[in-house]
1. Pull out all pairs, ordered by first then second residue, where Cβ-Cβ is under 8 Å, the residues are six or more apart or on different chains, the first lies in segment 1-18 and is over 12 Å from Gln51 (Cβ atoms) and open to solvent by less than 100 Å² (accessible area, probe 1.4 Å), and the second is of a type outside the set (Phe, Trp, Tyr) and part of a helix (DSSP H, G or I).
2. Within segment 25-62, restricting attention to residues that are within 15 Å of Leu7 (Cα to Cα) and part of a loop (DSSP other than H, G, I, E, B), which residue is modelled with the highest pLDDT?
3. Please identify the pairs in which a residue from segment 102-123 that is on the phi > 0 side of the Ramachandran plot and among the hydrophobic types (A, V, I, L, M, F, W, C) has its Cβ atom under 8 Å from the Cβ atom of a residue that is buried (at least 18 other Cβ atoms within 10 Å of the Cβ) and outside any helix (DSSP H, G or I), counting only partners at least 6 apart or on another chain.
4. So is Ile78 part of a helix (DSSP H, G or I), surrounded by 16 or more Cβ atoms within 10 Å (Cβ to Cβ) and of a type in the set (Val, Ile, Thr) or not?
5. Which of the residues that make up segment 93-114 are open to solvent by less than 20 Å² (accessible area, probe 1.4 Å) and assigned to a helix (DSSP H, G or I)?
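The values are calculated or read from the model by the stated rules, or taken from the named source; none is laboratory data. All values derive from a computational prediction rather than experimental measurement. Please note: Cβ atoms are built from the backbone with ideal geometry, for glycine as well, and neighbour counts cover all protein chains shown. The protein model used for the area step is the full one, side chains on, heavy atoms only, and it has no ligands, DNA or RNA in it. Shrake-Rupley method; radii C 1.70, N 1.55, O 1.52, S 1.80 Å.
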Amino acid sequence: WEKTFRLIKDNPLFGIGPGNYFIYYPLYRGEGKRETDTGKMRKFAHNDYLQITAEYGIAGLLLFALIIFFLAEEGYQIGQRNEEGFLVTMALIFPLISMLGQSGLSYNFFQTSPSLYFWGLSGILIS
């Protein structure tokens with residue numbers, strides 16, 4: 001993550017652009033090191049929040065946080081309406097919270113299946 005923090009520091013506001021992490025990451029590996037030294041190319045920071053900030057900048061991370069905030073607010077409002085709404089909301093929110101927690105150690109939002117799961121549950125929650 002240290003190299004990703006340096007990448008973010010060099011491109012703080014709008015990042016390096018969507019999908020460009022694997023292009024810029026090798027520039028931050030250090031003198032004399034190459035991606036082929038490890039036999040694999042780093043496509044992800046293994047932390048969604050760092051990945052979002054690296055690719056979309058602080059502006060992108062704030063936008064993502066805003067979407068999550070509105071999603072949580074809507075879920076809270078639905079849960080306050082009645083007991084049944086509360087139970088359904090909790091059944092949908094707990095997996096979302098779990099996934100947001102795991103995103104600090106993985107790249108869920110940059111993989112198709114987990115991302116569809118998250119946004120699908122989010123859509124059901126607010127519908």
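1. Pairs found: Asn11/Ala54; Asn11/Gly57; Pro12/Gly57; Pro12/Ile58; Gly17/Glu55.
2. Looking at residues that are within 15 Å of Leu7 (Cα to Cα) and part of a loop (DSSP other than H, G, I, E, B), I get Asn47.
3. The qualifying pairs do not exist here.
4. On the way: part of a helix (DSSP H, G or I): yes; surrounded by 16 or more Cβ atoms within 10 Å (Cβ to Cβ): yes; of a type in the set (Val, Ile, Thr): yes.
Yes.
5. Scanning segment 93-114 gives Leu96, Met99, Asn108.
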